[in-house]
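Only one structure is covered here, and it is reproduced in the block below.
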Amino acid sequence: MSFINATRQNRRKVGQFKFEDGQRKTLDLPRTGLLASLFVRVKGNLQVTAGTGTAVYKSENYNKPYGLIDRVRLTANSGTEIINVTAMGLAIRNMISEGSVMDLIGSVLPSGVSNSPVYQFGTSNGANPVEFTLKVPVAVNERDPLGLILLQNGETLITAGLDFANVSQLFTLTGNASVAFTGDAHFTMEYYSVPLTKEDYPDLSLAHTILEDKTDIDSTGVKGYTVPRGNIYQRMIHRVLLNGAPAGFDDVDKLRLVYNQSESPYEMEAHDFYAIQRDRYRRDLPQGTFVHDFSYQGIAGLGGNRDLINSKAITDFQSEIFIGTGATLGTNNNKLLTLREQLVPLA
């Protein structure tokens, strides 16, 4: 018998947190089954009071509500990071999965697809309902059981966490304007039952990790990002912010990957990146977003291993972003956010 025939899918709500500005909330997941994914659901009300001033949502958040969560986390034994990503980075990762429409409001979906506000967000003066969901992919995709985590294990404790933002920092406020969010968040856990015999277990030799970091962009020209080596890369997502806002359509000239000092499998103009992303994901990604998708083989999110990069087998690894000479840079607000999605061999 195979794993597919020896298990079944389960989903259930676990944990609920009241939103508190700037606070981290954590939950030890139940020790049952093989964890495949988590869904983060946020629902509440954003109160914007302009008063005699103004409250403008910062453009670096792409006019989307995900900035309410600074970080989504999944750790093992209170230390080893499996997931550590901004909510906006996670949202973009969701966008490049086959058929993902979680950030689309019901009114723009085809008739019969949705009649409920599963995604809503406003920043106008007054009360604004907020509701959205993010998927945290623990397994590599919906099809393949690679990356599942055995929760039913006395030696491993898996903890999920949310870092809530300081809401006022998401806005540019003038005068006596103020903003406040009241609401809550919860997780829904997707897991598979553990087969009765170990012969039917899935391959548990690889962990699937998604980590995101932020570095400064100091000038126009080449911005080099040194990619940490040692694991197998599935994807790398760059977000370019210049002068506190997503890079404009013409602000990035090209992108290039280089390893072993001189090998460059990918070198393309930024406009070609945008076109290829539209072709692959059937949508335009947020401005200034560039995806190196090494696993893509015809179906978004359901790729293969042909072009994965085993960084342990190379001597160096650089990702280069060429910032155009006409781009406008600010002071201390030019950033490169990089999401790294990897397969990590377990000892």
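Across the stretch 17-34, what is the number of residues that are closer than 26 Å to VAL179 by Cβ, assigned to a strand (DSSP E or B) and more than 21 Å from the chain's Cα centre (by Cα)?
If we filter the stretch 17-34 for residues that are closer than 26 Å to VAL179 by Cβ, which is where we start, we get 17-26.
Filter once more, keeping what is assigned to a strand (DSSP E or B): 17-18, 24-26.
Restricting the remaining residues to those that are more than 21 Å from the chain's Cα centre (by Cα) gives 18.
The number of residues fulfilling the criteria is 1.
Annotation: of all residues in the stretch 290-305 being under 25 Å from HIS271 (Cα atoms) and more than 20 Å from the chain's Cα centre (by Cα), the one that is surrounded by the most Cβ atoms within 10 Å (Cβ to Cβ) is GLN297. Among (1) aromatic (Phe, Trp, Tyr); (2) more than 26 Å from ASP103 (Cα to Cα); (3) touching an Asp or Glu at 6+ places or on another chain (Cβ under 6 Å), which single condition is PHE294 missing? In the conditions (1) aromatic (Phe, Trp, Tyr); (2) more than 26 Å from ASP103 (Cα to Cα); (3) touching an Asp or Glu at 6+ places or on another chain (Cβ under 6 Å), PHE294 misses (2) alone.
Pick out the one residue from ASP28, ASP70 that is more than 15 Å from VAL167 (Cβ to Cβ) and acidic (Asp, Glu). Before you say what the answer is, go through the steps one by one.
On the way: ASP70 fails: more than 15 Å from VAL167 (Cβ to Cβ).
Result: ASP28 is the single residue among ASP28, ASP70 that is more than 15 Å from VAL167 (Cβ to Cβ) and acidic (Asp, Glu).
Taking into account only those residues within the stretch 275-286 that are buried (at least 17 other Cβ atoms within 10 Å of the Cβ) and in contact with a Ser or Thr (Cβ under 9 Å, 6 or more places away or on another chain), which is nearest to THR315 (Cα to Cα)? The qualifying residue nearest to THR315 (Cα to Cα) is GLN277. The single condition among (1) closer than 20 Å to GLY221 by Cβ; (2) acidic (Asp, Glu); (3) assigned to a helix (DSSP H, G or I) that GLU320 does not satisfy is (3).
Look through the stretch 52-73, keep the residues that are touching a strand residue (DSSP E or B) at 6+ places or on another chain (Cβ under 7 Å) and part of a loop (DSSP other than H, G, I, E, B), and return whichever of them is modelled with the highest pLDDT. Only one residue tops the list, namely GLY53.
Here is a yes/no grid of residues against (1) under 26 Å from LYS43 (Cα atoms); (2) surrounded by fewer than 16 Cβ atoms within 10 Å (Cβ to Cβ); (3) in contact with a Lys or Arg (Cβ under 8 Å, 6 or more places away or on another chain):
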position	(1), (2), (3)
PHE121	yes, no, yes
VAL136	yes, no, no
PRO145	no, no, no
LEU150	no, no, no
GLU155	no, yes, no
PHE164	yes, no, yes
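The single residue among ILE232, ILE210 that is under 28 Å from THR26 (Cα atoms) and either surrounded by fewer than 20 Cβ atoms within 10 Å (Cβ to Cβ) or within 21 Å of the chain's Cα centre (by Cα) (or both) turns out to be ILE210. Restricting attention to the stretch 35-61, and to residues there that are among the aliphatic types (A, V, I, L, M) and under 30 Å from ASN125 (Cβ atoms), which single residue is nearest to the chain's Cα centre (by Cα)? Applying the filter and picking the extreme gives VAL40. Within the stretch 58-97, the set of residues being among the hydroxyl-bearing types (Ser, Thr, Tyr), more than 11 Å from GLU212 (Cβ to Cβ) and in contact (Cβ under 8 Å) with a residue 24 or more places away in the chain comprises SER59, TYR62, TYR66, THR75, SER78, SER97. If you filter the stretch 166-182 down to residues that are small (Gly, Ala, Ser) and out of contact with any Gly (no Cβ under 8 Å at 6 or more places or on another chain), you find that the one that is surrounded by the fewest Cβ atoms within 10 Å (Cβ to Cβ) is ALA180.
The values are calculated or read from the model by the stated rules, or taken from the named source; none is laboratory data. Everything quoted here is computed from the prediction, not taken from an experiment. Virtual Cβ from ideal backbone geometry, glycine too; neighbours counted across all protein chains shown.
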